[in-house]
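Take a look at the structure set out below.
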Amino acid sequence: MPPDSDGSGLPTVRLAFISDIHGNLAALEAALADIARRDVNATYHLGDLVGYGPWPNEVIERIRADGIAGIAGNYDTTVALGHPSCGCQHDDPRHKALSAASYSWTREHVTVANRQYLASLPFRLDLRPLGGHRAGPSVTLVHGAATLNTVYWREDRPDRFSRKMILRLGAREGDAILFGHTHKPWTRAVDGCTLVNTGSVGRPKDGDPRASYALMEVGTAGIRVSFPRVGYDLDRAVTAIAAAGLPRELGTILRTGGSL
Ligand SMILES: [Fe+2]
């Protein structure tokens, strides 16, 4: 339990948010070890625990063993419910083909018990880090956007898109909304609401192969966000992808931070 102070004499609460782990246990272990050194009050996940990576069951089991609460990503709900595709969008036909191969591998390998866990994950999660006895701030987690977990809340979305999402989620000035899904970290404020894309732990697409997550400090003086990056054993992940019978190009994407 940190809590240190933001100068007001009242405690600051420190939270870690991990998203889009995508079956990459090596990256998850490194991210959790980094978080453990930062004296956080709690860690939450924002979904897409499975898909693309060779360790979907191991990732779910580690998240559950550590008691990390979280929400459902598009990959989680589609695998859990046997949807025909993961609901992912790819402009490049090579990425599209890899995505299809990964999806059928994942559907085949996730155990029944773990599918049941994925099906149990909520669509959104609302936190009140400074306590429910205070009016705010509220911190809301969704995987993609307020409407569907397949919708991409990219950094270049106009503010009118963000305003719609803020309204739909019932957020107000001083609150924060966190999401993932694009695998590219960013933050900005719209109408006083802090928007945070956490980036991806197990499959970053911003050209930096290191695991990405978001760290948030919440105090009476406001909200501060940072994006630690954590190097991990890429060779271990790439070797496991090949050994699992997944396309080797999925390993290339890990090494390059998103490209083939
Ligand atoms: Fe994802």
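Quick notes on this one:
- Selection status of Asp156, part of a loop (DSSP other than H, G, I, E, B) and away from the ligand (no atom under 16 Å from the Cβ): yes
- Tallying residues that are under 16 Å from Pro122 (Cβ atoms) and without any contact (Cβ under 8 Å) to a residue 12 or more places away in the chain within segment 63-85 yields 1.
- Looking only at segment 108-137, residues that are surrounded by fewer than 21 Cβ atoms within 10 Å (Cβ to Cβ), more than 18 Å from the chain's Cα centre (by Cα) and in a loop (DSSP other than H, G, I, E, B) come to 9 in all.
- The residues on offer are Ser200, Ser226, and the sole one that is in contact with an Asp or Glu (Cβ under 9 Å, 6 or more places away or on another chain) and either exposed (fewer than 15 other Cβ atoms within 10 Å of the Cβ) or under 17 Å from Pro129 (Cβ atoms) (or both) is Ser226.
- Within segment 182-234, being of a type in the set (A, V, I, L, M), more than 14 Å from the chain's Cα centre (by Cα) and not in a strand (DSSP E or B) holds for Ala221, Leu234.
- Criterion (surrounded by 20 or more Cβ atoms within 10 Å (Cβ to Cβ), assigned to a helix (DSSP H, G or I), touching a helix residue (DSSP H, G or I) at 6+ places or on another chain (Cβ under 8 Å) and small (Gly, Ala, Ser)) met by exactly one of Ala237, Ala146: Ala237
- Within the set Ala101, Ala72, Ala97, the sole residue that is crowded, with 17+ Cβ neighbours inside 10 Å and out of contact with any strand residue (DSSP E or B) (no Cβ under 7 Å at 6 or more places or on another chain) turns out to be Ala72.
Values in this text are rule-based calculations from the coordinates and carry no lab data. Just so it is clear, the model here is predicted, and its values are computed rather than measured. Virtual Cβ from ideal backbone geometry, glycine too; neighbours counted across all protein chains shown.
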